[in-house]
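Visitor: There's a structure below that I have some questions on.
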Amino acid sequence: MGNINTTLENIINEKYSEVDARAEHGRYDKISKLKHNYIGQIGEQFIKKTLNNLGIKMKDLGGEIIHDEFDICLDDSDETKIEIKTASKDVNSKFQFNGFNPKYSSKYILCLGIDAKNAYFKVLPNKIYENDSGYFCLNIDGKEKKLTEMNPKGTVNYKLTLPPESLEPLENLEDRLKELFIDK
């Protein structure tokens, strides 16, 4: 009789190979294998590095990863605060950006969506509002987009689900950041 641990390991490896064979492969395919917290850290580090490469100054907030109302505070006259939301595709091929809090006061929310082959972004003014039906919403491209509670009866954190076509290709990110923070 074989080792029970080896039997379990073999079954796991077979299932992994089966799932991996169906998975989309590409430049960023490792993103789908990471836990959500690590995906968020990747987004924060990437945006900070991009801002730095563009010469956009940021305040030192005392750590590489910030867990607060915002992730970046620009060293400008307004002390512009930016919250970064990073997501990989969900089972419906959409990006689910988690952790929206209507009480947070950043000026912008930068959503970064990464799938196996492409990366996308959307810079949104942080103007979460409560509509007439009592739902928290954001106006995205002139349309009301409802934020969904992350937990049943949750009143603190919400999520925003967006399809890739509602985001911009990553190749436009530097121009968009320059437009917002340099050419203003």
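The values are calculated or read from the model by the stated rules, or taken from the named source; none is laboratory data. Since we're looking at a predicted model, the values are computed, not measured. In this analysis, Cβ positions are derived from the backbone assuming ideal geometry, glycine residues included, and neighbour counts consider all displayed protein chains.
Visitor: Output the residue which, of all residues in the range 1-35 that are of a type outside the set (A, V, I, L, M) and part of a loop (DSSP other than H, G, I, E, B), is modelled with the lowest pLDDT.
Guide: 2
Visitor: Which residue out of 91, 156 is surrounded by 11 or more Cβ atoms within 10 Å (Cβ to Cβ), over 12 Å from the mean Cα position of the chain (by Cα) and over 25 Å from residue 50 (Cβ atoms)?
Guide: 156
Visitor: Out of the residues in the range 46-67 meeting the condition of being surrounded by 12 or more Cβ atoms within 10 Å (Cβ to Cβ) and over 15 Å from the mean Cα position of the chain (by Cα), tell me which one is modelled with the lowest pLDDT.
Guide: 61
Visitor: Which one of these does residue 104 not meet: (1) at pLDDT below 95; (2) among the aromatic types (Phe, Trp, Tyr); (3) within 21 Å of residue 54 (Cβ to Cβ)?
Guide: Among (1) at pLDDT below 95; (2) among the aromatic types (Phe, Trp, Tyr); (3) within 21 Å of residue 54 (Cβ to Cβ), the lone unmet condition for residue 104 is (3).
Visitor: Looking only at the range 114-161, count every residue that is outside any loop (DSSP other than H, G, I, E, B) and not acidic (Asp, Glu) and tell me the total.
Guide: The qualifying residues number 22.
Visitor: Within the range 68-84, identify whether any single residue is exposed (fewer than 12 other Cβ atoms within 10 Å of the Cβ) and assigned to a strand (DSSP E or B), and answer yes or no.
Guide: No, the range 68-84 has no match at all.
Visitor: Now for a different question. Search the range 39-60 for residues being assigned to a helix (DSSP H, G or I) and in contact with a helix residue (DSSP H, G or I) (Cβ under 9 Å, 6 or more places away or on another chain), and hand back the single one that is farthest from residue 120 (Cα to Cα).
Guide: Going through the qualifying residues, I end up with 53.
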